[in-house]
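Beneath this line is the structure, given in structure tokens, with notes to follow.
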Amino acid sequence: MKIFKKVAEMQAWSESIKKSGKKICLVPTMGYFHKGHLSLMEKGRELCSVLVVSLFVNPAQFGENEDLDAYPSDIEKDITLARDLGVSAIFLPDGNEIYPNGYQTYVELSNLPHHMCGLSRPVHFRGVATVVTKLFNIVKPDVAVFGLKDFQQFQVIRRMTADLHYNIEIIGGPIVREDDGLAMSSRNAYLLPEHRDAALTLSNSLKMAKEMIAKGSSADAVRKKIKEYIESFPYTSIDYISLCDPETLEDVTSLKGDLLVALAVKVGKTRLIDNMIIDPAE
Ligand code: AMP
């Protein structure tokens with residue numbers, strides 16, 4: 001497995017791979033791998049003969065009071081896991097390599113970031129869109145795989161890829177969960193044992209929403225019920241409960257067609273997200 005720390009080296013290698021006629025799949029990550037990350041890599045390995053994983057904790061997607069400095073990291077373990085999985089190359093740049101002195105160019109979307117996570121994390125999707133644009137230009141993938149756990153991010157990347165005419169296929173990987181239903185996340189490492197029940201309110205709320213919708217409840221009734229349920233647990237603080245159109249992320253009132261139910265809840269100091277696509281006709 002190759003490890004590249006410099007943009008120019010990564011670019012040159014990717015160009016040589018493409019000249020040889022092979023296809024490259026990119027899986028962007030911030031590291032501290034769990035089974036969710038590994039599932040995306042497995043998918044990538046099936047789709048293309050060359051699999052590149054980027055590992056970069058992107059400062060541009062963290063707000064001032066967020067957890068950039070505390071973000072969990074174990075690069076040696078990540079390298080071993082990636083090697084064992086058959087990753088062809090890891091791109092592991094440092095901050096100055098990506099944002100050198102004098103840096104001033106960002107990629108921003110007009111609408112998708114003004115919903116859900118974007119409301120409490122105003123610079124987040126600008127940072128995500130910018131770093132993914134850079135990774136596309138550096139790694140030059142034919143396919144890129146993103147987790148549906150970060151559903152809004154997935155839609156931002158899909159939109160940006162189409163809008164900027166990248167000839168890259170964007171694939172979504174299903175949410176990988178712990179046995180008790182908690183969506184896997186590098187940030188779960190911050191949770192204390194006493195937070196577990198509160199953390200499980202997210203996946204439990206999604207199940208509850210699915211049942212209520214199947215029985216014909218209104219969007220408002222679902223939001224109210226989930227809010228009451230989550231607030232009945234200590235350590236929780238709700239950021240948002242969204243029942244929205246999965247493409248535009250606009251709130252819905254009537255439940256017709258595919259629907260995204262998405263949540264962000266702080267449990268202690270840890271911000272957790274989860275979501276589910278529901279077809280009310282099912
Ligand atoms: P991160 O390292 O948190 O930026 O995540 C890297 C990629 O893994 C993103 O595309 C995430 O959406 C995806 N991911 C994170 N957690 C999960 C999960 N539990 N299941 C599936 N994909 C995930």
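Structure values in brief
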| quantity | calculated |
| --- | --- |
| Scaled radius of gyration (Cα, divided by 2.2 N^0.38 Å) that the chain gives | 1.02 |
| Residue exposure sequence - 212, 10 - by fewest surrounding Cβ within 10 Å | 212, 10 |
| Whole-percent pair-distance distribution, where bins are 5 Å wide, for the alpha carbons of segment 217-277 | 4, 18, 27, 24, 15, 9, 3, 0 |
| Point-charge dipole on Cβ atoms (K/R +1, D/E -1) for the chain, about Cα centre, debye to 20 | 540 debye |
| For segment 9-145, convex hull of alpha carbons as volume per residue, Å³ | 128 Å³ |
| Dipole magnitude of segment 94-161 about its Cα centre (Cβ charges: Lys, Arg +1; Asp, Glu -1), debye to nearest 20 | 200 debye |
| Paramagnetic reach from residue 238 (point 7 Å along Cα→Cβ, amide N under 20 Å) across segment 122-160 | 151-152 |
| Paramagnetic reach from residue 18 (point 7 Å along Cα→Cβ, amide N under 17 Å) across segment 155-197 | 161-162, 164-170 |
| Additional length obtainable on full extension of the chain from residue 178 to residue 162, 0.36 nm per residue less Cα span | 2.4 nm |
| Modelled FRET efficiency - R0 35 Å, residue 96 with residue 258, Cβ distances, 0.05 increments | 0.25 |
| For residue 240, distant residues with modelled amide H under 5 Å away | 264 |
| Paired Rg and Dmax values of segment 179-282, which use every Cα atom, in angstrom | 13.5, 39 |
| Extreme residue, positive dipole direction of the chain, given options 261, 191, 8 (C-beta unit charges) | 8 |
| For the chain, cysteines whose Cβ has no other cysteine Cβ within reach (under 4.7 Å) | 117, 244 |
| Cα-based reach from residue 18 at 27 Å (exclusive), listing lysines while leaving out same-chain residues under 8 positions away | 2, 5, 6, 43, 134, 140 |
| Rounded tilt (10° steps) of 35-47 against the dominant C-alpha axis of the chain | 50 degrees |
| For segment 1-55 versus segment 75-135, the gap between their alpha-carbon centres in whole angstrom | 14 Å |
| Computed E for residue 73/residue 281 - FRET, C-beta separation, R0 51 angstrom, nearest 0.05 | 0.70 |
| Environment charge at residue 81 (Cβ cut-off 15 Å; Lys +1, Arg +1, Asp -1, Glu -1) | -1 |
| Crossing angle, helix 75-85 versus the chain [Cα axis fit, 0-90 degrees, rounded to tens] | 80 degrees |
| Semi-axes of the equivalent ellipsoid for segment 58-127, Cα gyration tensor, largest first, Å | 27, 16, 14 |
| Residue 3-residue 266 FRET efficiency (beta carbon distance; Förster radius 45 Å; 0.05 resolution) | 0.80 |
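Only the coordinates and a few stated rules stand behind these numbers; no lab work does. Quick caveat, the model's predicted, so the values are computed rather than measured. Cβ atoms come from the backbone with ideal geometry, glycine included; neighbour counts cover every protein chain shown.
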